[in-house]
Amino acid sequence: MTRVFVSADMASVALGADEVADALSKAGAEVLRTGSRGLFSIEPLVEVETEAGRIGYGPVAAADAARVLTGDHPKRLGPVEALPFFARQRRLTFARCGVTGPLSLADYAAHGGWRGLAAARALSPSEVVDRIEASGLRGRGGAGFPAGRKWRTALEAPGDEKFIVCNADEGDSGTFADRMLMEGDPFLLIEGVAIAGHAVGAGYGYVYIRSEYPFAIDSLRRAIELSADRVAPFGLEVRVGAGAYVCGEETSLLDSIEGKRGQVRAKPPLPAHVGLFGAPTVINNVLTLAAAPFILAEGPEAYAALGYGRSRGTMPVQLAGNVKNGGLFETPFGVTLGELVNDIGGGTESRRPVRAVQVGGPLGAYFPPSKFDLPLDYESFAAEDGLIGHAGVVVFDDTVDMGRMARFAMEFCAIESCGKCTPCRIGSVRGVETIDRLIAGGRRPADPVEALAQMRNAAAGAHGRASELALLRDLCQTMRHGSLCALGGFTPYPVLSALKYFPEDFGLTPEMAELA
């Protein structure tokens, strides 16, 4: 019986992978379901086991099953690892994804699983933290805060009970790495969380997953049950969010786990001192925790040897939007934005010129092709008023209206704000109104306040694009520096970058654009 491998990843299933798997089974093949390899243009991907290794075919339809099994299908790709998209990658976190059975403990162990946890438990907690610090690992979901420093703070915090919380509330546009990992290699995340637990003295952990990820929720829950004896005495459970984007912020997430409405907490105290249920808590995202097993198994030097500047290791970049080769590309830091979009991504799917790229989700800055020499590095992006965030790269062609995209950033913030702080709650609403007036030429209806009798001695404000532009810039500065969390604080990034690089979409003259 011929053995074939078909992805059970949610994206693959959406493209017809279940129907392909059923057809292959009816044709007499032994079908094994895996995670996705990560290149969606070839999904549903079928890999056939041969004496020469796995041979890929894709994209495959259910009607193609018989021809795939005989080996004469025109969409034969050969060994998947040899395709240029995969050959250029350096996969550490996603080494098993698409290769092993997601819920096979035997597969996981045979491909190096649990070695990191065994190495960690042979060391003292402080020694484990030493290795995380030496690796240079930084948070893979926000501003790139050093993971070792966060673990050290929680380790040294007094408390009889401590927690590990994994932030799997992957809500950024164009991101899917967390979902792919939880569906395709859930034991890796469990191992990483257990390592963190040993490192800081925590006996229990939570993985907070957004409700829009039913496959990941099911996969991780089953994996936790299967591996419970392996990670004991550490315990772990899944908590499901209710769709609030702001619960991706760590303190809102804690409130949600505690059964409260997700709202941002003022800092200090930091969660590492006073976190979940008032106990010291380490909060890291999926990709940060999933990097720990490699670091402990292979040594921090092997991880730190990869990267660029202070950004060490690899980053699973997610290419999305109007891009030909959409998918997950894991690479050491340092690759340029142009390489990601043009060489690896293949340019736009529409075959039109690239006009803008947004990196870091809906709160990330927009960059034009003139910035494509920018290396993927936390400090390099920060110097350009951008952020890497979760490394979602969304591509737009030359038909995009950047004025509308800037408006969307403010509108998104207004919808998703938890409402706790005024700059975010009110500022985002005023931002939408101001951008609308700016695009319309600064025209606004007569101000009823200015018409009041008691205002007769007040000078009427000048209305026009220049005044609206000044107001928008002032509003962005207030949000950036006065908001309690990154939702309000980072919303100005896409707005100001759109004004800077695409002023014509706001009706601005070159002279006015310089003020932006």
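The values are calculated or read from the model by the stated rules, or taken from the named source; none is laboratory data. Everything numeric here is computed off the predicted structure, so don't read it as measured data. Cβ: placed from backbone, ideal geometry, glycine included. Neighbour counts: every protein chain shown. Each accessible area value is taken on the protein alone, full model and side chains, heavy atoms only, with ligands, DNA and RNA left out. Shrake-Rupley method; radii C 1.70, N 1.55, O 1.52, S 1.80 Å.
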- Are there any helices (runs of 4 or more DSSP H) wholly within region 1-102 with 2 or more residues that are touching a residue at least 60 places away in the same chain (Cβ under 8 Å) and under 30 Å from Ser211 (Cβ atoms), and if so which? 10-14
- Item | Residue that is farthest from the chain's Cα centre (by Cα) [pool: residues in region 104-145 that are surrounded by fewer than 16 Cβ atoms within 10 Å (Cβ to Cβ) and modelled with pLDDT under 95] | Phe145
- Query: Restricted to region 193-206, and to residues that are open to solvent by less than 50 Å² (accessible area, probe 1.4 Å) and in a strand (DSSP E or B), which residue is nearest to Lys162 (Cα to Cα)?
  - Reply: Gly205
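Could you check, for region 344-363, whether at least one of its residues is outside any loop (DSSP other than H, G, I, E, B) and among the basic types (Lys, Arg)?
Checked against the condition, which is being outside any loop (DSSP other than H, G, I, E, B) and among the basic types (Lys, Arg), region 344-363 yields at least one hit.
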- What are the residues in region 413-430 that are without any contact (Cβ under 8 Å) to a residue 60 or more places away in the chain and within 23 Å of the chain's Cα centre (by Cα), if any? Ala414, Ile415
- Quick one: which helices (runs of 4 or more DSSP H) sit completely within region 207-281 and have at least 3 residues that are open to solvent by less than 50 Å² (accessible area, probe 1.4 Å) and of a type outside the set (S, T, N, Q)? 214-226, 250-257
- Filtered residues of region 343-366 (kept if among the charged types (D, E, K, R) and touching a residue at least 40 places away in the same chain (Cβ under 8 Å)): Arg352, Arg355
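Suppose we filter region 155-190 for residues that are farther than 22 Å from Gly38 by Cα, crowded, with 24+ Cβ neighbours inside 10 Å and not β-branched (Val, Ile, Thr); how many remain? First the steps, then the outcome.
Quick first cut of region 155-190, residues farther than 22 Å from Gly38 by Cα only: 155-166.
Narrowing the set further to residues that are crowded, with 24+ Cβ neighbours inside 10 Å leaves 163-166.
So of that shortlist, the ones also not β-branched (Val, Ile, Thr) come out as 163, 166.
Of the residues in that region, 2 qualify.
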- Message: Please go through region 286-318 and give me each residue that is part of a loop (DSSP other than H, G, I, E, B) and under 23 Å from Phe85 (Cβ atoms), ordered by number.
- Response: Leu306, Gly313
- Taking the stated definitions as given, is Asn325 in a helix (DSSP H, G or I), open to solvent by 10 Å² or more (accessible area, probe 1.4 Å) and not assigned by TED's automatic domain parsing to the domain that holds Phe490? no
- Message: Consider region 482-514. How many of its residues are without any contact (Cβ under 8 Å) to a residue 24 or more places away in the chain and open to solvent by 30 Å² or more (accessible area, probe 1.4 Å)?
- Response: 6
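Table: residues versus (1) part of a strand (DSSP E or B); (2) in contact with a helix residue (DSSP H, G or I) (Cβ under 6 Å, 6 or more places away or on another chain).
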| position | (1), (2) |
| --- | --- |
| Leu117 | no, yes |
| Val128 | no, yes |
| Ile132 | no, yes |
| Arg152 | no, yes |
| Leu155 | no, yes |
| Gly159 | no, no |
| Cys166 | yes, yes |
